[in-house]
Amino acid sequence: MRIILTIVIMALSLTTRAQNVNMRHHDMVHLTTNLLYDAALVPNVGVEYAFAPRWSAKVNAMYAWWSNDSRHRYWRVAGGSVELRRWFGTNVDAFELKGHHMGAYMGAYRYDFELGGTGNMADFNYGIGVSYGYSMPIGRKLSLDMGLSVGYIGGEYTKYDYEDGCYVWLDDMRRNYIGVTRAEVSLVWHIELGRKGGRL
């Protein structure tokens, strides 16, 4: 939480200083989908917007509620995250999302996973961490954003099993995970809303 608050304060300070800088740029909204999540049958969408020359904010959401009751298979997850990014390098354009970036994020999730054996279910887990990535254009309106995040995932979850025609509670567990929390290979579609000119 302290990391995110520090980055937010830095972003506000940078935006204030940027008011005295003459800039011209396209006003862009960027729609994203993480292809790794899509491959895991977890549809997801993100929206990113650059609010200063080297700063952007991103909101992600995911939802998958697949089930096969006859085989006791469940693949269910719903949640979202918010992320603040700082873009680096001499050949960087946060408005068009090009180059290296680092960020801080927080998110919340619920899930129910069972693949024919012991299941894990949680109504609320949360995550917080930092990210690093690189975004490169692959077309006039498309780019590929690759990244990795590390941090902490916490919350309570329930282990259950299926016995004699009923789902049986096994144990309530506490999740305290520190390490790699997500990988990203996102397809980004750049939508131009117009051109801004003059002072930011």
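The values are calculated or read from the model by the stated rules, or taken from the named source; none is laboratory data. Remember, predicted model here, so these are calculated numbers, not experimental data. Here the Cβ is made from the backbone with ideal geometry for all residues, glycine too, and neighbour counts use every protein chain on show. Only protein heavy atoms, including side chains, enter the accessible area calculation; ligands, DNA and RNA are left aside. Shrake-Rupley method; radii C 1.70, N 1.55, O 1.52, S 1.80 Å.
Residues considered: F88, F95, F124. Of these, the only one that is farther than 23 Å from A64 by Cα and open to solvent by 80 Å² or more (accessible area, probe 1.4 Å) is F88. The conditions of being within 11 Å of the chain's Cα centre (by Cα), under 27 Å from P53 (Cβ atoms) and surrounded by 18 or more Cβ atoms within 10 Å (Cβ to Cβ) are met by S131. Which residues, taken from the range 50-79, are over 30 Å from Y162 (Cβ atoms), without any contact (Cβ under 8 Å) to a residue 60 or more places away in the chain and open to solvent by 20 Å² or more (accessible area, probe 1.4 Å)? Those that are over 30 Å from Y162 (Cβ atoms), without any contact (Cβ under 8 Å) to a residue 60 or more places away in the chain and open to solvent by 20 Å² or more (accessible area, probe 1.4 Å): F51, R54, A57, V59, N60, A61. Taking the criterion of being open to solvent by 10 Å² or more (accessible area, probe 1.4 Å), among the aliphatic types (A, V, I, L, M) and in contact (Cβ under 8 Å) with a residue 40 or more places away in the chain, the residues of the range 98-121 that qualify are M106, L115.
Looking only at the range 163-184, which residues are under 29 Å from N44 (Cβ atoms) and either surrounded by 13 or more Cβ atoms within 10 Å (Cβ to Cβ) or of a type outside the set (D, E, K, R) (or both)? Selection gives Y167, M173, R175, N176, Y177, I178, G179, V180, T181, R182, A183, E184. On inspection, A64 qualifies as farther than 20 Å from Y152 by Cα and at pLDDT 90 or above. Checked against the criteria, V42 counts as outside any strand (DSSP E or B), among the aliphatic types (A, V, I, L, M), over 14 Å from D145 (Cβ atoms) and more than 12 Å from the chain's Cα centre (by Cα). All told, R140 meets the bar of being among the basic types (K, R), loosely packed, with under 14 Cβ neighbours inside 10 Å and either without any contact (Cβ under 8 Å) to a residue 40 or more places away in the chain or over 17 Å from G46 (Cα atoms) (or both).
Candidates in the range 143-172 are the residues that are hydrophobic (A, V, I, L, M, F, W, C) and in contact (Cβ under 8 Å) with a residue 24 or more places away in the chain; of these, the one that is farthest from R76 (Cα to Cα) is L144. Are any of the residues in the range 36-49 open to solvent by 40 Å² or more (accessible area, probe 1.4 Å), more than 21 Å from Y109 (Cα to Cα) and modelled with pLDDT under 95? Checking the range 36-49: at least one residue is open to solvent by 40 Å² or more (accessible area, probe 1.4 Å), more than 21 Å from Y109 (Cα to Cα) and modelled with pLDDT under 95.
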